[in-house]
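These notes concern the structure reproduced below.
The values are calculated or read from the model by the stated rules, or taken from the named source; none is laboratory data. Model, not experiment: these values are computed from the prediction. Cβ sites come from the backbone with ideal geometry, for glycine too, and all protein chains shown count toward neighbours. Please note that ligands, DNA and RNA were not included when accessible areas were found on the heavy atoms of the full protein model with its side chains. Shrake-Rupley method; radii C 1.70, N 1.55, O 1.52, S 1.80 Å.
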Amino acid sequence: MAQDKQEGLTPFGKVIVFLFIVGLIGAGVYFGFLKKGGGTGGSTGPSPGKTIDMTKLNIEAPDLKGITTVQEYKYVPQEKLPAVDPKAISGYKWDKNSKIVEFPINIWIGWLPIIAANHGHKANKESIFYKKYGFQMNITLIDDPVAARNAFAAGKSHILWGTLDMMVLFAPELMKDSRTAPRIYQQIDWSNGGDGIVVRDRIKSVQDLRGKTVVYAQNSPSQYYINSLLISAGIQPSEVKHKYTNTAFEAAAAFVASTGKSDQIDAVVSWAPDIYNIPEKVKGTKILSTTADANKLIADVWAVRADFAKDHPDIIKGIVAGIFEGMDKLQNESYRVQACQWMADLYGFDVGEIKKMLQDAHSTNFAENKEFFMNANNPANFERTWKTICFVYRELGLIDAPVQFDQVMDFSVMADIEKDGTFAHQKDSYKTVFAPTSFSKVQAEAPILTQTIRINFYPNSSNIFEPQHDELGNALANTTYDPNSKSTLEKVARLAAQFEAATIAIVGHTDGSRKGQVPDEAVKKLSMARANSVKKELVEKYKFDPNKFVVEGAGWDKPFDPGDPENHAKNRRVEISVYQPEAK
Amino acid sequence: MKLPAFFKKETKVKKIKPVREKPAREKPEKKQEEAPPRQRKAFQLAKFTGSIFAIREDVSPFTAFLLSMIPIVLLVIIWTLVTWGPVEQRVISSIIMPSPKEFVQAIPKILTPEKRLGAGILVSLARITGGFLIATALALPLGVLMGSFSKFRAAFAPIMIVGSYIPIPTLVPLTLVWFGMEEKQKVGFLAIATFVFLLPAFVKAISDVDDVFLNTGYTLGANKWHIVSKILFPIALPEIYNSLRLGFGVGFTWIIMAEMIGAESGLGFILKNAQSRGADSSIVYLVLTVIVLIAFLIDKLWELGYRALFRYKEAR
């Protein structure tokens, strides 16, 4: 018994041990559970010093809608947009009685809904704009972007046509005068096969363009297209030889003329129909990519002068709504033929030529505009497209200080129309439906481009947001092993969104540090898990169709740089490849 | 070497006619010159306008300089007025035309190393000179032949006429197909544009040589080669020189077009690039000014050359 007494704890000791265990459990519950509920972002958490009664607090509002893909912008556009100088006198031509809006366009099928709504190109009283909204519209042809911009700046036109990339270039100068600051209210279309890149046969993917010569029209959507692809593929624009022409037509001519010569040009960025004619007529050439696969890359919009928008908000809403009605009208085939004729009259074309162009653009209806202007989550929305363009043009040294997207984008009209419910019947039909497929099937053809993304995976982990670990291997709260993983995924999401119609392969890799020590199977599994975690994140955060992605684990068989296979940090990576849509 | 018979016949036909008609033209002009003094007494305004509209009056270099300043000053005043005040209150938007102040302030912008203005000037000058030399090498012999021998003229006249009416910008894509995208295209384009200007000018210069000189030549027993080389060409030379001077300027007017395709440097490239990417309009105007200034300076050099080469013309 005496021995028992010596071995056991005193009652006081037992109390201490009991309190210690209770304390540990309490601390565990507090740090492991309650702290998580408090949110990870330090700045958004409750202010220190205040005590919070967790039982009474509703951290998240009840969500009746369930899971939604849309997160609308919360700010008020007017508060961000640069105000028109109150002292300034509006600087545009305007006749109060006839109320004719001057809307110049270039040669592009995307403008068809406007001509359809306007019942022709000249100002007339049969126009929807007149009948419903009380103003007329005069649609003219100003094909040269510089001339169109000058007409806009001089107040001879109220509207400036353009692709979003053109707007990025023109905005800084136009904003020097608060009256000519461009306001963008509506997207007209996505280029859908109208732009494309044609290459010599030996070029299999964008990667092969390194060191090659590319010709295109400078400061045009072509320039944005090719350089955006180059940068996505990890090629510096300076690693390619750029040849400039004044127009896309001349670029195509230069490419064809150089065929078989010593200074042969390897690739051309141009427009339909040239991009389709060249591979048919010039041997040894093929299409590398068109906006049929990069179908959310080039957006056509129109901008209005800030002073005009300020003076005539009703007309702006009328233009937006009228164009949506034009899109409705074009559903009717006989009306579409009529509209093509009107367009042909304006361009001096044969109506057959206009009909051939119908496939080049996809008109964006109200639902798609809402996605573009108002959904902050959409990886191919206005904000992200604008930012990507700014990034590409900054890399090229074309702009110094880009204008922020919210200085030109105004979603108030779109929000207004949504409230009215006028175009609730227009659904977003521009979503590619992907059939389940496999990596080996997709891989049969060379990818358009491959992007190597380096998420620095923690050894043995496939978690993108793996925390950092201390020397003992314990995870450190509120840390990420790779602090850039979020922005890396954003980059992938934007690329995947630009190539909305394309299938994307995600291939995971591991390093070869334990070669010979662990079974190949386990390695494959880890690399596959890495690819899958990227896919999962993309699908969950950006709401992509899961079937858009195929995944593969390459293990350690394909080191990033075959010349330096021991560079383990470089080898723990994921590669994203964009493949042509299967239907083609 | 004997020339074919038709050359002989042709020159004979041309010799005789138009010589005596000329003096008649000069008389009425002299009469007009005498007119102002008569009106002077009658009306004061007439005195003023008369002194302005004095025909073929001698103007001292200083007065000429002063007078030449008037339009420039006027232009600057108008320019200042239409671009006056804050951006929002101007007659012409700053995007389309900068104010004189903005124009001057933008000078450092085009002098940055990235703009490569100095290199641009040299590259453009080299292209213009290259095009000019090729055009001259082709147009001069052909022009002399056409100006001297009517059958040559008849044969090539249609091409010459078509050439002088051809819209030069349409040649941009064509030269691209013919010469590719490199220097050959730019020089080739400028050569064609200069050629179509020079050829008719050379033909005219030779054709305008007065028949009196030919007759004198024939009287002194000159053969056809002598007529062309010792009479037609030397007498036409000052006029040919003037055509060359203007022809060199043609290159400057087309340099922007020439550098539209495949250029990575040059004044036209800098200007076009600034314009199409919507950059500061001052840059566009500054490059234009540089082009005009260089063209002006080179024209002055041509003028000096003219004085040195053709003193006999100056003396007259």
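In segment A:256-274, what count of residues is obtained for those that are within 11 Å of chain B (Cβ to nearest Cβ) and touching an Asp or Glu at 6+ places or on another chain (Cβ under 7 Å)?
Residues in segment A:256-274 being within 11 Å of chain B (Cβ to nearest Cβ) and touching an Asp or Glu at 6+ places or on another chain (Cβ under 7 Å): 1 in total.
Please specify each residue of segment A:74-113 satisfying the condition of being under 31 Å from the mean Cα position of the chain (by Cα) and within 14 Å of chain B (Cβ to nearest Cβ).
Matches in segment A:74-113: A:P82, A:A83, A:V84, A:N106.
For residues that are within 12 Å of another protein chain (Cβ to nearest Cβ) and crowded, with 17+ Cβ neighbours inside 10 Å, scanning just segment B:172-194, find the one that is nearest to B:M257 (Cα to Cα). Spell out how you get there, then give the answer.
Applying the first criterion (within 12 Å of another protein chain (Cβ to nearest Cβ)) to segment B:172-194 yields B:172-185.
Pick out the ones that are also crowded, with 17+ Cβ neighbours inside 10 Å and you get B:172-173, B:175-176, B:179-181, B:185.
Details: B:V172: 7, B:P173: 11, B:T175: 11, B:L176: 12, B:F179: 15, B:G180: 15, B:M181: 13, B:Q185: 11 Å.
The residue in question is B:V172.
Would you please name the residue that is farthest from A:V442 (Cα to Cα), looking only at residues in segment A:545-584 that are part of a loop (DSSP other than H, G, I, E, B), among the basic types (K, R) and touching a helix residue (DSSP H, G or I) at 6+ places or on another chain (Cβ under 9 Å)?
If we take residues in segment A:545-584 being part of a loop (DSSP other than H, G, I, E, B), among the basic types (K, R) and touching a helix residue (DSSP H, G or I) at 6+ places or on another chain (Cβ under 9 Å), then A:R572 is farthest from A:V442 (Cα to Cα).
Can you name the condition, by its number, that A:D263 falls short on among (1) charged (D, E, K, R); (2) in a helix (DSSP H, G or I); (3) over 27 Å from the mean Cα position of the chain (by Cα)?
With respect to (1) charged (D, E, K, R); (2) in a helix (DSSP H, G or I); (3) over 27 Å from the mean Cα position of the chain (by Cα), A:D263 is out only on (2).
Please go through segment A:556-575 and pick out each residue that is small (G, A, S) and either over 21 Å from A:Y481 (Cβ atoms) or touching a strand residue (DSSP E or B) at 6+ places or on another chain (Cβ under 6 Å) (or both). I'd like the intermediate steps shown before the answer.
From segment A:556-575, those small (G, A, S) are A:563, A:569; that's our starting set.
Hit for segment A:556-575 is A:G563, nothing else.
Between A:D545, A:D520, which is closer than 20 Å to A:A501 by Cβ and either open to solvent by 40 Å² or more (accessible area, probe 1.4 Å) or among the charged types (D, E, K, R) (or both)? First the steps, then the outcome.
Numbers: A:D520 fails: closer than 20 Å to A:A501 by Cβ.
None of the others qualify; the one that does is A:D545.
Based on this model, can you work out whether B:F233 counts as more than 10 Å from chain A (Cβ to nearest Cβ), more than 27 Å from the chain's Cα centre (by Cα), in contact (Cβ under 8 Å) with a residue 12 or more places away in the chain and open to solvent by 30 Å² or more (accessible area, probe 1.4 Å)? Don't jump to the end; show me each part of the working.
Numbers: more than 10 Å from chain A (Cβ to nearest Cβ): yes; more than 27 Å from the chain's Cα centre (by Cα): no; in contact (Cβ under 8 Å) with a residue 12 or more places away in the chain: yes; open to solvent by 30 Å² or more (accessible area, probe 1.4 Å): yes.
Judged against the criteria, B:F233 is not a match.
For segment B:45-95, give me each residue that is among the aliphatic types (A, V, I, L, M), in a helix (DSSP H, G or I), open to solvent by less than 70 Å² (accessible area, probe 1.4 Å) and away from chain A (no Cβ under 14 Å).
Correct list: B:A46, B:A64, B:M69, B:V76.
Give the residue, chosen from A:A554, A:A531, A:A522, that is under 20 Å from A:A493 (Cα atoms) and either at pLDDT below 90 or of a type in the set (G, A, S) (or both).
On the way: A:A554 fails: under 20 Å from A:A493 (Cα atoms); A:A522 fails: under 20 Å from A:A493 (Cα atoms).
The match here is A:A531.
Quick check, is B:G249 of a type in the set (G, A, S), over 22 Å from A:D144 (Cβ atoms) and modelled with pLDDT under 95?
Numbers: of a type in the set (G, A, S): yes; over 22 Å from A:D144 (Cβ atoms): yes; modelled with pLDDT under 95: yes.
For B:G249, the condition - of a type in the set (G, A, S), over 22 Å from A:D144 (Cβ atoms) and modelled with pLDDT under 95 - is met.
Only one of (1) in contact (Cβ under 8 Å) with a residue 40 or more places away in the chain; (2) within 20 Å of A:Q451 (Cβ to Cβ); (3) within 14 Å of chain B (Cβ to nearest Cβ); (4) open to solvent by 10 Å² or more (accessible area, probe 1.4 Å) fails for A:Y224. Which number is that?
Only one criterion in (1) in contact (Cβ under 8 Å) with a residue 40 or more places away in the chain; (2) within 20 Å of A:Q451 (Cβ to Cβ); (3) within 14 Å of chain B (Cβ to nearest Cβ); (4) open to solvent by 10 Å² or more (accessible area, probe 1.4 Å) is unmet by A:Y224, namely (4).
Looking at this structure, is A:K356 part of a helix (DSSP H, G or I), farther than 18 Å from A:H119 by Cβ and at pLDDT below 95? Full working, then the answer.
Numbers: part of a helix (DSSP H, G or I): yes; farther than 18 Å from A:H119 by Cβ: yes; at pLDDT below 95: yes.
Taking the combined requirement at face value, the residue satisfies it.
If you check B:V290, B:V228, B:V250, B:V212, which single one turns out to be touching a Leu at 6+ places or on another chain (Cβ under 7 Å), hydrophobic (A, V, I, L, M, F, W, C) and part of a helix (DSSP H, G or I)? Let's see the steps before the verdict.
On the way: B:V228 fails: touching a Leu at 6+ places or on another chain (Cβ under 7 Å); B:V250 fails: touching a Leu at 6+ places or on another chain (Cβ under 7 Å); B:V212 fails: touching a Leu at 6+ places or on another chain (Cβ under 7 Å).
Only one candidate passes the filter, namely B:V290.
Going through B:S124, B:S99 one at a time, which residue ends up being at pLDDT 90 or above, crowded, with 17+ Cβ neighbours inside 10 Å and within 14 Å of chain A (Cβ to nearest Cβ)? Working first, answer last.
Details: B:S124 fails: within 14 Å of chain A (Cβ to nearest Cβ).
From the options B:S124, B:S99, the qualifying one is B:S99.
Can you name the helices (runs of 4 or more DSSP H) wholly within segment A:114-220 that have at least 1 residues being within 14 Å of another protein chain (Cβ to nearest Cβ) and open to solvent by less than 40 Å² (accessible area, probe 1.4 Å)? Walk me through how you get there before you give the answer.
Values: elements: A:128-133, A:145-153, A:164-174.
The helices (runs of 4 or more DSSP H) meeting that bar are A:145-153, A:164-174.
Could you grab me the full set of residues in segment B:262-287 that are in a helix (DSSP H, G or I), facing another protein chain (nearest Cβ under 10 Å) and farther than 20 Å from A:A217 by Cβ?
Of everything in segment B:262-287, just one residue is in a helix (DSSP H, G or I), facing another protein chain (nearest Cβ under 10 Å) and farther than 20 Å from A:A217 by Cβ, namely B:S281.
Out of A:N375, A:N332, which single residue is modelled with pLDDT under 95 and surrounded by fewer than 23 Cβ atoms within 10 Å (Cβ to Cβ)?
Numbers: A:N332 fails: modelled with pLDDT under 95.
Going through A:N375, A:N332 in turn, just one is modelled with pLDDT under 95 and surrounded by fewer than 23 Cβ atoms within 10 Å (Cβ to Cβ): A:N375.
Pairs please, first residue from segment A:431-443 and among the aliphatic types (A, V, I, L, M), second anywhere and surrounded by 12 or more Cβ atoms within 10 Å (Cβ to Cβ) and in a loop (DSSP other than H, G, I, E, B), Cβ atoms under 7 Å, 6+ apart in sequence or on different chains.
Qualifying pairs under 7 Å: none.
With (1) at the interface with another protein chain (Cβ under 10 Å from one of its Cβ atoms); (2) surrounded by fewer than 23 Cβ atoms within 10 Å (Cβ to Cβ); (3) in contact with a strand residue (DSSP E or B) (Cβ under 7 Å, 6 or more places away or on another chain) as the list, and A:G234 as the residue in question, which single condition is left unmet?
Status for A:G234: all satisfied but (1).
Any idea which of A:T450, A:T437, A:T422, A:T480 is in a loop (DSSP other than H, G, I, E, B), among the polar types (S, T, N, Q) and surrounded by 17 or more Cβ atoms within 10 Å (Cβ to Cβ)?
Details: A:T450 fails: in a loop (DSSP other than H, G, I, E, B); A:T437 fails: surrounded by 17 or more Cβ atoms within 10 Å (Cβ to Cβ); A:T422 fails: surrounded by 17 or more Cβ atoms within 10 Å (Cβ to Cβ).
None of the others qualify; the one that does is A:T480.
Which of (1) among the hydrophobic types (A, V, I, L, M, F, W, C); (2) modelled with pLDDT under 95; (3) surrounded by 17 or more Cβ atoms within 10 Å (Cβ to Cβ); (4) more than 30 Å from A:P379 (Cβ to Cβ) is the odd one out, the single condition A:F249 does not satisfy?
(3) is the only condition that A:F249 fails.
Do you know which residues across segment B:102-120 are of a type in the set (V, I, T) and crowded, with 19+ Cβ neighbours inside 10 Å? Spell out how you get there, then give the answer.
Keep residues of segment B:102-120 that are of a type in the set (V, I, T), which gives B:104, B:107, B:110, B:112.
Passing the criteria: only B:I110.
Tell me which residues, restricted to segment B:196-209, are open to solvent by less than 50 Å² (accessible area, probe 1.4 Å) and part of a helix (DSSP H, G or I).
Within segment B:196-209, the first condition is being open to solvent by less than 50 Å² (accessible area, probe 1.4 Å), and the residues that meet it are B:196, B:198-203, B:205-207, B:209.
Passing the criteria: B:V196, B:L198, B:L199, B:P200, B:A201, B:F202, B:V203, B:A205, B:I206, B:S207.
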